[in-house]
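Engineer: Take a look at the following structure, please.
Every read-out reported here was derived from the displayed coordinates using simple, explicitly stated rules and does not represent laboratory data. Quantities reported herein were computed from a predicted structural model and do not represent experimental measurements. Backbone-built Cβ (ideal geometry, glycine too); neighbour counts: all protein chains shown.
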Amino acid sequence: MGSSYRTEDNGKISDLPQLHRYITGHNAEGKAIVHSQNDFEWKSYAEGELAFSVAYTTSEFPVNLNKDADVAEHMRVLESGNLGLVNPRGTVFRCVDFAPGYACGMHRTQSLDYGIVLEGEVDMVLDSGEVHPMKRGDVAIQRATQHQWVNKSKTEWARIMFVLQDCQPLVVGGQEYKEDLGTNSGLPPSGN
C-alpha cells in the first residue's frame, strides 16, 4: 500500500515531514525559554499502516506548571507504557499518520477529541452510516462517538493531529457508553 518502512527519523514510517516539538518554560528571572525540544517519536501499528506520536500529555485539570510538575508527569505517563488513547483525568496530544488506503477499525473513546487534518484527505465514518470527507484544515469534534478514519488516497499518506480530553461517562437514552477500541487498535485500554 505504498508504506515505506524507515528506521531513521525516530520510527517515522510515512513519507510525510518529520515534526519537531518545543516545550517552553521559564528561566530563573521568569523569562520564557525553550525547556526542551526534540523530533516526534513514532510508534508503528497495523503492520506499518498506522503510526502514532504522542507529543504531550496532562494528568490533571487545571494543570500544575510549577517546578515543571507537568513535564515530570508527562514523562512518567510515557514511561509507564500504559497510555491508552485517553489519559484518565487528563489530555493526550497525539499525531497519527495513516498509510494510503488504510481504514482504522470502528472505535469509541470516552473523551472529547479535537482532530485537525494536517495532510491528505480522510473520510470520517460514523456508526450511523454517515460518511464525511475531510481535507487539510478541516476539524472534527468527536464527542465520545463510534467512528472510523479512512485515508481516501491510494498513493498518499494522511496525517491528523488530535487532542483527546477525558470526559464524564456518556449516557444516551439511559444507556452508558464506554470506550470501545474495536479490533485493531493495538493499544491498552484507557481505564477511564
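Engineer: Given the options 154, 67, 31, state which has the largest fluctuation in a GNM of the chain using a 10 Å cut-off (strictly under) for Cα springs.
Structural biologist: Among 154, 67, 31, the largest GNM mean-square fluctuation belongs to 31.
Engineer: For residue 49, list long-range residues whose amide hydrogen, built 1.01 Å from N in the peptide plane, is under 5 Å from its own amide hydrogen.
Structural biologist: Long-range HN contacts for residue 49: none found.
Engineer: Positive end of the dipole of the chain, charges at C-beta (+1 Lys, Arg; -1 Asp, Glu), about the Cα centre: which of 10, 110, 56 has its Cα farthest in that direction?
Structural biologist: 56
Engineer: From the phi of every residue in segment 115-130, what ³J(HN,Hα) in whole Hz does the Karplus formula 6.51 cos²θ - 1.76 cosθ + 1.60 yield, where θ is phi - 60° and glycine or proline is x?
Structural biologist: x, 10, 6, 9, 9, x, 9, 10, 9, 9, 9, 9, 5, 6, x, 5
Engineer: Rounded, prolate or oblate for segment 54-122? Axes are the square roots of the Cα gyration tensor eigenvalues, ordered a ≥ b ≥ c, and the cut-off for rounded is a/c under 1.5. Could you put the intermediate results ahead of the total?
Structural biologist: Working: a/c = 2.22, a/b = 2.09, b/c = 1.06.
Taking the square roots of the gyration eigenvalues as a ≥ b ≥ c, segment 54-122 is prolate.
Engineer: Please compute the length gained on full extension between residue 168 and residue 9, using 0.36 nm multiplied by the number of residues separating them and subtracting their Cα-Cα distance. Provide the component values of the computation, followed by the final result.
Structural biologist: Values: separation 159, 0.36 × 159 = 57.24 nm, distance 3.72 nm.
Extra length available between residue 168 and residue 9 comes to 53.5 nm.
Engineer: What is the sum of charges, Lys and Arg at +1 and Asp and Glu at -1, for the other residues whose Cβ falls under 11 Å from the Cβ of residue 163? Mind showing how you got there, number by number?
Structural biologist: Numbers: positive: 94; negative: 113.
Counting the neighbours of residue 163, the net charge comes to 0.
Engineer: Determine the alpha carbon to alpha carbon distance for each of 154/178; 43/178; 12/152; 43/152; 135/178; 12/67 and list only those over 27 Å.
Structural biologist: Numbers: 154/178 33 Å; 43/178 25 Å; 12/152 21 Å; 43/152 22 Å; 135/178 29 Å; 12/67 32 Å.
154/178; 135/178; 12/67, as the Cα separations exceed 27 Å there.
Engineer: State to the nearest 20 debye the size of the charge dipole of the chain about its Cα centre, where the only charges are +1 on K and R beta carbons and -1 on D and E beta carbons.
Structural biologist: Numbers: 17 positive and 26 negative charges, 31 e Å.
Its charge dipole is roughly 140 debye.
Engineer: Along the positive direction of the dipole of segment 44-192 (beta-carbon charges: Lys, Arg +1; Asp, Glu -1; about the Cα centre), which of 44, 191, 142 reaches farthest?
Structural biologist: Comparing the listed Cα positions along the dipole, 142 ranks first.
Engineer: Under a plain spin-label model, where a point goes 7 Å from the Cα along Cα-to-Cβ, how far apart in nm are residue 35 and residue 123?
Structural biologist: 4.2
Engineer: For a quick check of your reading of the filter: which trypsin sites (Lys or Arg not before Pro) in segment 71-119 sit in a DSSP loop and have no more than 16 other Cβ atoms within 10 Å? It would help to have the intermediate numbers written out before the result.
Structural biologist: Numbers: sites: 76, 89, 94, 108; in loops: 89.
Sites meeting the loop and neighbour criteria: 89.
Engineer: By per-residue mean of other Cβ atoms within 10 Å, what is the highest-first order of 158-165, 132-139, 99-106? The partial results should precede the final answer.
Structural biologist: Values: 158-165: 20.9, 132-139: 12.6, 99-106: 18.1.
Descending packing order for the listed peptides: 158-165, 99-106, 132-139.
Engineer: Give, as ranges by residue number, the residues of segment 41-68 whose backbone N falls under 17 Å from the point 7 Å along Cα→Cβ of residue 23.
Structural biologist: 41-42, 53-61, 63-68
Engineer: Continuing with this model, one more query. What are the ³J(HN,Hα) values, in whole Hz, obtained from phi via the Karplus relation 6.51 cos²θ - 1.76 cosθ + 1.60 with θ = phi - 60°, for each residue of segment 34-39 in sequence order, with x given for Gly and Pro?
Structural biologist: The phi angles translate into 8, 5, 7, 8, 6, 5 Hz.
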